[in-house]
Amino acid sequence: MGDTELDLSPSQMEELQKSPSASSTSTTSSLSLPSSPSSGPRPFTSSSPSASDSLPASSPPLDVISEGVGELSLVIDTEVAKKACQEVLQKVKFLKVDSEPASTAVEPKLVNGTSHTDPSDGDSDGLEKPVKITEEEPSSGTVKSARRRQKNNTSKQSWLLRLFESKLFDISMAISYLYNSKEPGVQAYIGNRLFSFRNEDVDFYLPQLLNMYIHMDEEVGDAIKPYVVHRCRQSINFSLQCAWLLGAYSSDMHISTQRHSRGTKLRKLILSDELKPASQRARREVLQPPPEHSLSPSKRTHQRSKSDATVSISLSSNLKRTASNPKVESSQDEVRPLYLSQTGFPVRLTPQREFIKSLMGIGKRLATLPTKEQKTQRLISELSLLNHKLPARVWLPTAAFDHHVVRVPHTQAVVLNSKDKAPYLIYVEVLECENFETSSVPVRIPETRIRSTRSVENLPDCGITPDQRASSFSTVPNYDNDDEAWSVDDIGELQVELPEIHTNSCDNISQFSVDSITSQESKEPIFIAAGDIRRRLSEQLAHTPTTFKKDPEDPSAVALKEPWQEKVRRIREGSPYGHLPNWRLLSVIVKCGDDLRQELLAFQVLKQLQSIWEQERVPLWIKPYKILVISSDSGMIEPVVNAVSIHQVKKQSQLSLLDYFLQEHGNYTTEAFLTAQRNFVQSCAGYCLICYLLQVKDRHNGNILLDSEGHIIHIDFGFILSSSPRNLGFETSAFKLTNEFVDVMGGQDGDMFNYYKMLMLQGLIAARKHMEKVIQIVEIMQQGSQLPCFHGSSTIRNLKERFHMSLTEEQLQVLVEQMVDGSMRSITTKLYDGFQYLTNGIM
Amino acid sequence: MAQERKVGLLRRTSSSKKPLKEKVVLMYDEIFTKDDPAKTNPRFWDELFLMKVNLEYLEAKLESLDGDEVMLIKENLNSLFHHCVQALEEEHQIKVVNALQTLCALFRGVHQKNKSATGFDIINMLVGFDKAELRMKDLMESLDSLLCGDGSESLKSLCLKLLLCLVTVTDNISQNTLLEYVMINSIFEAILQILSDVSSRGQHGYDAVVLLALLVNYRKYESVNPYIVKLSIVDDEPTLDGMGMVVHHALTEYNRQYKDKDEERHGGFLSTLTNMVGSMFIADADEKLSVQTNEAILLALYEAVHLNRNFITVLAQSHPEMDMPTTPAPTVPTTPTTPLGTTPPSVDLMHNPELPLDPSMQTSNLLITFLKYSSIVMQDTKDEHRLNSARLCLIILACIAEDQYADAFLHDDNMNFRVNLHRMPMRHRKKAADKNVPCRPLVCAVLDLMVEFIVTHMMKEFPMDLYTRCVQIIHKLICYQKKCRIRLQYTWRELWSALINLLKFLLSNETTLLAKHNIFLLALQVVNLFNMFITYGDTFLPTPSSYDELYYEIVRMHQVFENLYCMVLRVSTNVGQWKEPASKVTHALVNVRAIINHFNPKIESYAAVNHISQLSEDQVLEVVRSNYDTLTLKLQDGLDQFERYSEQPRETAFFKELVRSISVNVRKNVSLNTLSQDVLLKEFSSIS
């Protein structure tokens, strides 16, 4: 890899750095946009020096360079090259566009394609090169049509191009042009340009990209596919995300078309696990003497997808550990390498798919049980079986860091409140790692090993801080050596040992109780007052923090009320993996039987608005929670930690919201209360705007959470935009604002209430400024969708109207006042709460 | 019958009475001569193993010979054994089957006859001293590879039967010298492999577990038994789980059968009517309603819990899907499955997880099943087997209660279960409705079981040993709660009143009981339990009012404690064997007496002041609450300490006796099963 980089001639390097387009593997084809071999590239490189210069030298494109160069060795594969050409040929024929010239154009390319791998000619025909490369593109046919068109409106194109080359051109605009432009050339250009954006930025628009791929015309699809395939090769996670989203968004198609649709095909390709990372190949080839170096930065990885002869042999199709053979005592060590064994390729997608599948299977089976209690028991037992297969190369896609799942603390899992489905919340112990694809899977530690750490001395109340405990854990010797030590003496002597725990018992009374009863005569008797015992008992009970009472009908309330840090500490203590420094606790809600596509849409809009408000420095607070769509009726949700629903708060505390705030945070004048109140106002304003803009309905108190800092968080975006529950006509107000909420803000005349309205106004103005960014997300997803939120024809128009582009700021202020007023007075909100209380028992 | 046949055979001519002698029998006869049968027919051994074995004849023949006669044909016997072992490696499965069965007959025949003979004689007779080590090694290796290979399941089953047969030929397993070779050539791994695999576990799990339990008990106390060592370090979860599953299944089956019979007995009005005529006899049969308790499985459970720390996790392992394709338990005949609803989680769930589940099904785990089983076994401890089973149940519970990890999940607030324990029908109480058992942490079920035992066994034949164990278990659990400050939402009151009633019983039967038992030890334990509550109640009682209730209960039953004090004081002032233990009880009673002496006058004066003759509970509680501060208690030492369970030396005799009884039982059952291998033969004859 390194040596190929060295072989770049200085001038080439210079050129690569100068032009952002040429700098990335993909953007080489940007030159193809005007795409006349003779004149095309010249105006671009010359006309956009300002744009390219302004790009930071160390910006992502440079990274892409090294990556591209790193993969150069692949291009040299003659077989691949031939295959690629054949593919292009086929495509050209298929397109029937300029079929004669096209084939002749391609032919020389074949020759040139290999010839320009010679480093010597790189300098001389630097201008020519890109063109050849473009022809190597699968979209060469479309490029030609673009070329023809380009003659007609060169000026317009160049302006467009200048925009594309400018630093202002971000992923949002790229998506927008991809969606709106009817020009295949533009689409192809943007398809290539995708490579130059940061992965995380593009990831945000993945649902849009894939939805376009599925439901829009072929040109758009062709433009998107290379990027998707490229990313799939790089990342298992991305592969699975794509596969799941493709499946979910294809589901609205008619069954007959669906089977043959592009989306389904791509999904199959991904799931067949044929999209291996190119680096694996490179790794093997590095061993061979480096062949001629190609300067061509174009190596369309997807072209090799079919030529890739190395068919992976998927090994154990299960989550690995099941295969362990007890006959061999050290089976674990032998099973583990199976993942990487034989072909040298890990089984990429299988473990994770099996993991997700078993989680969904649990959800399905839970749904058949009638009571919460049975569901909970069943959930716990199912999860404990799941534990047997862990650790494995599986992860939670909702997490922000790379990790391996090592254990599911099954007794902590809870079934969530739902009428007929069985969503459940699990906590997952993971070990953070560098890269979940390459780092080795942690070794299993049996459950019972925790006893060495969870001995009585380490129990709570002993005043050992978690840090101290952690440090003491690190000195615990290797468990394997330990193993034999105890197993031998366990048989004979160990049974008679006296509990030595008493010497350092945490209980101050029992400190004295070391001696046995027989010796009591000889000692000074110790007297204690019965009253003290009774007092301690009541004091200790009073001192326990406000927890919720256990309710078999609402098992999640207790689990969710427990502070997250507290829960992490507790689970860590009980876990055999808890002593490891990279141990983390995650949680996830598994939804089975629910369509999370709308939730995902809402998440995207929330996220977008959040960044808009951040950019415009409006201190609105919202909490978009991550959504993972697995299919059109299953998925996972990242739970909001330290938050319980207002319904649970009211039911458990039997207090008004304001009184609950006072109880939890302190009196009106305390800083804690004021902070919580400010948090409440900022979040309330944020969510009121969200509710208004997105027309979020079904806003009963079970769907509004309150976190430990006072923020409210709306959850469940099942009814947004054009859909509302059962269309009963409730909830006609702009958003939900009850008197209780206003009370927490300090009443209608308070400063905080004015602050609230002011925040709403600022937030609306900011959102209006960037309306396109929001609309775009929704609009693209409407393509081919049967989701209820897109019901009717006026969804987008109505959404746009709610941004009130035509109003002046003064008029907007009046509007906000009106909405707040209307919402507060809204009889329907009260009616709806009453309705929910009657039908679902939600307070 | 064998005798009869033999007679028939001797009279060769009387073919009218008996059919012609089988060829195999003729060949056996040849072996039982002094000459080498291969001399006349070089293919003798080959032919022998092609023939269907006549077990009865072979066994009877061996049995009929006395020691000297056997020594005469020793060469031929050794040769037979040798060829049996060789035949095990044959590809021809018929030969393997016949060899296995012949070996079975050999082991048994030699042992039955030579009851007086030493183990060494037997080895010599059967294998020959000089070659014993090699031959037995070959045998064990062949068995091991048969058990682990991909061969026929029936063959594996037969191997296990042979091993069970070998292990149980003597009543006292430790006197079975042949087992020394099984120790040296371990088949432990083969057993584990059977247990780890779902399908083989289903078919052979029961035999494998029983075999393991027996092997672990070979010369357990005298030498290092490799099976003990190996069992204690197994940490492969699928295997341990498999073992748990086999035990679980066997116990579940027992519980189900009991329940069926129980329902039959207390069946609906209609069935009562129809059975009216026969009710006279049924009353008698009811006593034996008990399905034979399953001591072997219980022993296996004990060994696993006692020896292997990792097995503790298996106890709490729930099994939503039981993966037992067949009912393997040979001791219990399978009953036709009733329609869904009463059957335990059925097999098809495993194969078809999409199948909707029976909604009435409660998730269960080994511990719950074990508790239910214990509740059944403990109901009636009159017969020896059941008494032993009950004792073993309590021992297992004691081991569990000592284990930190087990305690952790017993007390886990998130693991709530409904455990329907079986309660003995008693005159003074109604049969509790099963359905309204609340969903609670498992420790509540354990405590309930203990309370139930205490309440129901105060009888003439006082099971002192069981009571002691029972109170110890409670003590261990409370110690854990105190240490970990776990405030269990449990109605402690039931326990308190059960314990007080126990003291009352001890007092009223003092003389009869003292003749047999040291009642002061038990009394001391009980009083110390109260001391735990009194002095450490703040660390584990659920509410302040439960502490008040404790005082209320003590004050209410003050008469019992006062009588107890009088009694122990009297005994401790006399000279005699009970002086020491009785005086311990007097010291232990100091706080209880302090409470009584403190509150009784207060309550009386309260009644006098308020002119109430009979105070209500609330009023007494009120007096209690307002008078704590003037009461001083003395701290007792060592309340939260307990002696850890140890098998040696205290339980040695019990286990020896138990293993003996299991051996006899297994031997009986194996013999029946081995002989009905016609099916197997058919299977193979069709193959070959």
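The values are calculated or read from the model by the stated rules, or taken from the named source; none is laboratory data. This structure is a prediction, so every number in the text was calculated from the model and none was measured. So basically every Cβ, Gly included, is an ideal-geometry build from the backbone, and we count neighbours across all protein chains shown. Remember, those area values only see protein heavy atoms, side chains included, never the ligands or the DNA or RNA. Shrake-Rupley method; radii C 1.70, N 1.55, O 1.52, S 1.80 Å.
The mean sequence separation of alpha-carbon pairs under 8 Å and at least six residues apart, normalised by the residue count of region B:98-215, gives a relative contact order of 31 percent. Counting only heavy atoms of the protein chains and using a 1.4 Å probe, A:Asp716 has close to 50 Å² of accessible surface.
Separation of region B:461-486 from region B:626-672 is 10 Å, based on Cα centroids.
I'd like the trypsin sites (Lys or Arg not before Pro) in region A:356-456 restricted to DSSP loop residues with at most 10 other Cβ atoms within 10 Å, sorted by number.
Details: sites: A:Lys357, A:Lys364, A:Arg365, A:Lys372, A:Lys375, A:Arg378, A:Lys389, A:Arg393, A:Arg407, A:Lys419, A:Lys421, A:Arg444, A:Arg449, A:Arg451, A:Arg454; in loops: A:Lys389, A:Arg393, A:Lys419, A:Lys421, A:Arg444, A:Arg454.
Loop-located and lightly packed - A:Lys419.
Each Cα pair under 8 Å and six or more residues apart adds its separation to the average, and for region B:487-643 the resulting relative contact order is 27 percent. Remark on region B:487-643: ratio of C-alpha radius of gyration to 2.2 N^0.38 Å is 1.09. Centroid-to-centroid, using Cα positions, region B:150-195 and region A:371-391 are 36 Å apart. Taking every residue in A:382-390 and counting other chain Cβ atoms within 10 Å of its Cβ, the average works out to 3.
Of B:Leu495, B:Tyr606, B:Asn528, which is farthest on the positive side of the dipole of region B:487-643, counting Cα position, with +1 on Lys and Arg Cβ, -1 on Asp and Glu Cβ, and the Cα centre as origin? Value computed over the given set: B:Asn528. When the trypsin sites (Lys or Arg not before Pro) in region A:584-660 are filtered for DSSP coil states and for at most 12 other beta-carbon atoms within 10 Å of their beta-carbon, the remaining sites are A:Arg617. Placing +1 on each Lys and Arg Cβ and -1 on each Asp and Glu Cβ, with no other charges, gives region B:487-643 a dipole about its Cα centre of roughly 460 debye. Sorted into 10 angstrom bins from 0, the C-alpha pair distances of region B:529-600 split as 19, 45, 26, 9, 1 percent.
For peptide B:621-632, what's the mean number of Cβ atoms from other chains within 10 Å of each residue's Cβ?
Details: counts 0, 0, 0, 2, 1, 0, 2, 7, 6, 3, 6, 6.
Average neighbour count from other chains, rounded to a whole number: 3.
On a 1.4 Å probe surface of the protein chains, which of A:Trp613, A:Trp564 comes out largest in accessible area, and what is the full order? Before the final figure, lay out each step's value.
Numbers: A:Trp613 5, A:Trp564 45 Å².
Output order, biggest surface exposure first: A:Trp564, A:Trp613.
Restricting region B:22-129 to GluC sites (Glu not before Pro) that sit in a DSSP loop and have at most 10 other Cβ atoms within 10 Å of their own Cβ leaves B:Glu91. Model label sites at B:Gln577 and B:Cys439, defined 7 Å from Cα along the beta-carbon direction, differ in position by 5.3 nm.
Peptide A:371-378 shows a mean partner chain C-beta count of 5 within 10 Å per residue C-beta.
Accessible area ranking (1.4 Å probe, heavy atoms, ligands and nucleic acids excluded), largest first, for B:Asp121, B:Asp618: B:Asp618, B:Asp121.
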